[in-house]
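Visitor: Could you have a look at this structure, given as structure tokens, before my questions?
The values are calculated or read from the model by the stated rules, or taken from the named source; none is laboratory data. Quick caveat, the model's predicted, so the values are computed rather than measured. Every residue, glycine among them, receives a Cβ derived from its backbone with ideal geometry; neighbour counts consider all protein chains shown.
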């Protein structure tokens with residue numbers, strides 16, 4: 001059956017289109033984009049806290065260029081991971097959380113493209129499609145965290161079969177996905193759902209975490225308003241703001257962090273990253289913080305050519321080696 005590129009899909013994804021080749025020279029090795037090797041459902045049955053009427057999954061293509069997809073997903077009723085396997089595995093894995101303001105997930109720009117870059121360096125890459133908080137889930141504020149915790153535990157459960165070290169599983173997130181990442185890295189031990197099987201006895205703590213141009217704080221003074229509204233809902237209390245501001249939940253048990261932001265980001269203020277960096281340092285957690293003069297928002301790995309932020313992928317690779325991930 002022929003499927004138009006702007007057809008709406010329910011359940012799975014279409015992988016007919018190839019992904020763009022990043023312009024930056026350091027990304028030049030990504031010349032043969034691949035489809036995921038496996039799709040891993042997070043929950044054995046209906047996800048916890050499901051609404052009476054489940055969301056209807058929709059995928060929309062925003063790009064007008066046939067070989068440069070830029071798809072977004074909404075209506076996530078089937079939270080899952082897309083696994084990309086490297087040709088030469090290094091024994092480590094990265095869980096990737098796409099951004100989208102908690103109203104959608106841009107899984108090409110801040111998901112599959114990131115995975116393609118990582119597999120060229122030997123990492124197993126898992127792109128997480130997490131539940132969106134404004135789509136009727138009973139515990140809206142913790143639904144994305146629950147999916148991230150469950151994902152980390154499933155990766156560790158499957159580590160032996162994939163020849164991955166269960167201790168060497170990192171987290172990386174972008175924009176609102178950066179909030180999912182920092183929420184996971186600071187509240188990994190929070191009980192966000194009732195255990196469903198043996199995987200839930202495993203730790204959800206990442207080996208290390210990389211929130212990239214992340215939403216961090218729910219303080220209205222610096223919060224990304226759309227993400228705050230979707231996550232906390234109408235009329236949130238001050239206690240809710242604190243509970244879901246990652247910088248307010250840092251402890252010495254948090255893993256090492258790698259932070260990236262552009263000072264000219266007009267979507268998510270750089271103060272989000274600065275607050276998280278300061279909180280990590282105050283708690284004695286190792287943190288590498290990179291604030292670039294130019295880059296804007298949503299640059300990922302394919303929109304960095306010619307800008308200061310073009311340095312971040314190589315910086316992360318070196319940092320990952322120093323933390324013992326690779």
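Visitor: Could you please find all residues in the range 135-149 being closer than 22 Å to residue 108 by Cβ and surrounded by fewer than 24 Cβ atoms within 10 Å (Cβ to Cβ)?
Guide: 135
Visitor: Next question. Give the residues of the range 248-266 that are crowded, with 16+ Cβ neighbours inside 10 Å and part of a loop (DSSP other than H, G, I, E, B), sorted by residue number.
Guide: 249, 250, 254, 255, 256, 265
Visitor: Follow-up. Where in the range 108-207 are there helices (runs of 4 or more DSSP H), lying fully within it, with 2 or more residues that are more than 15 Å from the chain's Cα centre (by Cα)?
Guide: 143-157, 159-162
Visitor: Are there any pairs, at least 6 apart or on different chains, whose C-beta atoms fall under 8 Å, with the first in the range 248-265 and at negative phi and free of Cβ contacts under 8 Å to residues at least 40 places away in the same chain and the second in a strand (DSSP E or B) and surrounded by fewer than 24 Cβ atoms within 10 Å (Cβ to Cβ), and if so, which?
Guide: Going by the 8 Å Cβ cut-off, the qualifying pairs are 263/291; 263/292.
Visitor: Among 209, 204, 198, which is the only one that is over 26 Å from residue 114 (Cα atoms) and modelled with pLDDT of 95 or more? Steps first, answer last, please.
Guide: Values: 209 fails: over 26 Å from residue 114 (Cα atoms); 204 fails: over 26 Å from residue 114 (Cα atoms).
Going through 209, 204, 198 in turn, just one is over 26 Å from residue 114 (Cα atoms) and modelled with pLDDT of 95 or more: 198.
Visitor: Within the range 150-163, which residues are surrounded by 21 or more Cβ atoms within 10 Å (Cβ to Cβ) and more than 15 Å from residue 198 (Cβ to Cβ)?
Guide: Within the range 150-163, just 151 meets the criteria.
To keep it simple, each residue is scored yes or no on (1) free of Cβ contacts under 8 Å to residues at least 12 places away in the same chain; (2) in contact with a helix residue (DSSP H, G or I) (Cβ under 6 Å, 6 or more places away or on another chain); (3) over 25 Å from residue 303 (Cβ atoms).
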{"site": "77", "(1), (2), (3)": "no, no, yes"}
{"site": "91", "(1), (2), (3)": "no, no, yes"}
{"site": "114", "(1), (2), (3)": "no, no, no"}
{"site": "153", "(1), (2), (3)": "no, yes, yes"}
{"site": "158", "(1), (2), (3)": "no, no, yes"}
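Visitor: Return the residues of the range 81-106 that are over 26 Å from residue 321 (Cα atoms), buried (at least 23 other Cβ atoms within 10 Å of the Cβ) and touching a strand residue (DSSP E or B) at 6+ places or on another chain (Cβ under 7 Å); say none if nothing qualifies.
Guide: 100, 105, 106
Visitor: Picking from 160, 122, 134, which residue would you name as being out of contact with any strand residue (DSSP E or B) (no Cβ under 6 Å at 6 or more places or on another chain) and at positive phi? Before the answer, list the steps.
Guide: Values: 160 fails: at positive phi; 134 fails: at positive phi.
Just a single option satisfies the conditions, and that option is 122.
Visitor: Restricting the search to the range 76-107, which residues are outside any loop (DSSP other than H, G, I, E, B) and within 16 Å of residue 209 (Cβ to Cβ)? Can you show your working first?
Guide: Going through the range 76-107, the residues outside any loop (DSSP other than H, G, I, E, B) turn out to be 80-84, 93-97, 105.
Residues satisfying the conditions are 93, 94, 95, 96, 97.
Visitor: Find all pairs meeting these conditions: Cβ atoms under 6 angstrom apart; at least six residues apart or on different chains; first residue within the range 311-325 and farther than 11 Å from residue 290 by Cβ; second residue part of a loop (DSSP other than H, G, I, E, B) and modelled with pLDDT of 95 or more.
Guide: 323/208; 323/256; 325/92; 325/168; 325/207; 325/208
Visitor: If a residue has to be in a helix (DSSP H, G or I) and either free of Cβ contacts under 8 Å to residues at least 40 places away in the same chain or in contact with a helix residue (DSSP H, G or I) (Cβ under 6 Å, 6 or more places away or on another chain) (or both) to count, how many in the range 232-247 make the cut? Lay out the reasoning, then the answer.
Guide: At the first step, the residues of the range 232-247 found to be in a helix (DSSP H, G or I) are 232, 238-243, 246-247.
Narrowing further to those that are either free of Cβ contacts under 8 Å to residues at least 40 places away in the same chain or in contact with a helix residue (DSSP H, G or I) (Cβ under 6 Å, 6 or more places away or on another chain) (or both): 232, 238-242, 246-247.
Residues that pass the stated criteria total 8.
Visitor: Looking only at the range 292-325, which residues are on the phi < 0 side of the Ramachandran plot, crowded, with 17+ Cβ neighbours inside 10 Å, in contact with a helix residue (DSSP H, G or I) (Cβ under 9 Å, 6 or more places away or on another chain) and not in a helix (DSSP H, G or I)?
Guide: Within the range 292-325, 292, 299, 301, 302, 303, 304, 325 meet the criteria.
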